[in-house]
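Quick one: structure below, then a few questions.
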Amino acid sequence: MSEDLLELTTRKLLEKFGAGNHKPGSGSAAAFQGMISAQLLITVIELTNGLKHRHIYSKDLPVLLKMQQEISDRIYPELEKLFLEDSVQFGKTIESRSKRDRQRDLATKQKLALSALDELKVSIDIPSVIADLCIELSDIGAFVFSNGFKAARGDSQVALSGAVSAVTGCLSIVRLNLLSFGSTEYNYIERINVKCHALNDELERLNRIVDESIELLALLVDSKTAFYQQLDQLVKGVKSKSIITNADIEEFASGFQNLVWVNKESVWKLNMPTQPSDILNPSDILQKVLGYGYDDTKELEQAYVDGRLIDTAGIIDQENKMVWISSHITPQVENFTAAHELAHALLHDQPVMHRDIPLDGSKKSKAPVEYQADQFAAAFLMPRKRVTNAFENLFGSGIFQIDANTTFKLTGSTVTDLHKECKDIHGLCSRLAEAESYDGEFFTSLADQFNVSRAAMAYRLEELGLVKF
């Protein structure tokens, strides 16, 4: 009774391949490569069809699922059968050759030689079929690489390359075995050789696909490397200054935003931003650009900072690349806190830092690094140009100044009443930051448009000189 090689452990099977015997041989090895490729492709398609990802790949999923069924129902079982058949058949071929070589009688020896060639023809047929199946797998692999789960392109690339390698091996096996036939088998040799040339054409096509997929990954890595190099130069440029001014931070925040936007394809594999405002998400940037972990689900403990006990809005651990944000703050304060921690991650080297509650831009910190982080957060979340344009669109002017006309449009009251309500320029900025109507037109407030607190937007309006009291 022949041994079922597929029931062996992987270690034992590999030992069989390396034992120097004919069973299992090169044909079985090619089939085994195809089987591995098949299973890898099934894995990638299943990941693509997972609950988290199927909506992203819905356009190509029907084709992918049909391919998976073809692999499971037909291609893999055929390869499994051929894996076993080849080991048995090539054993017959070797045994026929051994009988031929042991035979002393020349006539009998010749009969055995012809019998060995007949067995060899069967041994040629098997890798030919394996090659055809692996060509199918290669084409499926190319489609899966391009249209399946992007984060598993390592698996789909190995599947594609493995299947193409199996085709290469099968072609070599067939051609090598053809060399054993004499001129009387010319017609047979010619017929098989025609198929070999067809296989070779397919192989050249598939190798181009493999090269293109490898080149694509290389281009993606090169693109991301260039992005990180530019980011490194940008950070070093501002950190090299002995004194970092507000203008420096404003320029840095703008440059950082532009850099992320230009390289958005390197940052977002899925759900890529469609407009520059979409990238103003500090938690996303911390994770996707800087590789930080981000947790906003926990209540943070109090901590001693500079000798005083504070309620903690956020913590950054630069050594372990982790940011925690308190779960007990508003979404607007969380957004500003995350941008503040993003500034620390980019500009500062302290290993662990704690942030006070509230951290919404309403207070200017005394410590230089905290002041810089606040400035960056404001510039990042509320870019000068976007805020200026939005302000002008809502209030009809690049600068808001109190007079009878603007006061009536804003509050429907008098200049005196507005002065009493606001008291100073910051009060007026706060009033404008939260305003939801002007001159009879209703709109989303500036603070809500930029997902910041009223206080943070008020300070930004004042800083940008958009309001006169």
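Considering each residue of segment 227-280, count those that are assigned to a loop (DSSP other than H, G, I, E, B), touching a helix residue (DSSP H, G or I) at 6+ places or on another chain (Cβ under 8 Å) and within 18 Å of Met382 (Cα to Cα), and give that number.
Looking only at that region, the number is 2.
Still on this structure: Taking the conditions exactly as written (aliphatic (A, V, I, L, M), touching a helix residue (DSSP H, G or I) at 6+ places or on another chain (Cβ under 9 Å) and crowded, with 17+ Cβ neighbours inside 10 Å), does Val415 satisfy them or not? Walk me through it before giving the result.
Details: aliphatic (A, V, I, L, M): yes; touching a helix residue (DSSP H, G or I) at 6+ places or on another chain (Cβ under 9 Å): yes; crowded, with 17+ Cβ neighbours inside 10 Å: no.
Considered against the rule, which asks whether it is aliphatic (A, V, I, L, M), touching a helix residue (DSSP H, G or I) at 6+ places or on another chain (Cβ under 9 Å) and crowded, with 17+ Cβ neighbours inside 10 Å, Val415 comes out as no.
Is there any pair with a first residue in segment 64-87 that is modelled with pLDDT under 95 and a second that is not in a helix (DSSP H, G or I) whose Cβ atoms are under 8 Å apart and which are 6 or more apart or on different chains, and what are they?
Listed pairs, sorted by first residue: Phe83/Pro24; Leu84/Asp4; Asp86/Pro24; Asp86/Gly25; Ser87/Lys23; Ser87/Pro24; Ser87/Gly25.
For segment 221-239, state whether one or more residues are at pLDDT below 95, touching an Asp or Glu at 6+ places or on another chain (Cβ under 8 Å) and surrounded by 14 or more Cβ atoms within 10 Å (Cβ to Cβ).
Yes: one or more hits.
Looking at segment 177-217 only, could you name the residues that are over 34 Å from the mean Cα position of the chain (by Cα) and of a type in the set (D, E, K, R)?
Across segment 177-217, the qualifying residues are Glu185, Glu190, Arg191, Lys195.
If a residue has to be in a helix (DSSP H, G or I), farther than 30 Å from Thr337 by Cβ and not acidic (Asp, Glu) to count, how many in segment 382-419 make the cut? I'd like the intermediate steps shown before the answer.
Pass one, segment 382-419, residues in a helix (DSSP H, G or I): 384-395, 404-411, 415-419.
Okay, now just the ones that are also farther than 30 Å from Thr337 by Cβ, so 404-411, 415-419.
Among the residues that remain, those that are also not acidic (Asp, Glu) are: 404-411, 415-416, 418-419.
Qualifying residue count for the region: 12.
Within segment 313-336, track down each residue that is among the polar types (S, T, N, Q) and either under 18 Å from Val289 (Cβ atoms) or free of Cβ contacts under 8 Å to residues at least 40 places away in the same chain (or both). Spell out the reasoning first.
Start the filter on segment 313-336 by keeping residues that are among the polar types (S, T, N, Q), which leaves 318, 320, 326-327, 330, 332, 335.
Selection gives Gln318, Asn320, Ser326, Ser327, Asn335.
Still on this model: Would you list the helices (runs of 4 or more DSSP H) that sit entirely within segment 421-469 and hold 1 or more residues that are modelled with pLDDT of 95 or more, surrounded by 17 or more Cβ atoms within 10 Å (Cβ to Cβ) and aromatic (Phe, Trp, Tyr)?
454-463
Still on this structure, please answer the following. Suppose we keep only residues that are at pLDDT below 85 and under 21 Å from Met457 (Cα atoms) within segment 330-359. Which one would you say is surrounded by the most Cβ atoms within 10 Å (Cβ to Cβ)?
For segment 330-359, the residue satisfying everything is Leu359.
The values are calculated or read from the model by the stated rules, or taken from the named source; none is laboratory data. Treat the numbers as computed from the prediction; the structure is a model and nothing was measured. Here Cβ is always computed from backbone atoms with ideal geometry, including for glycine, and neighbour counts include all displayed protein chains.
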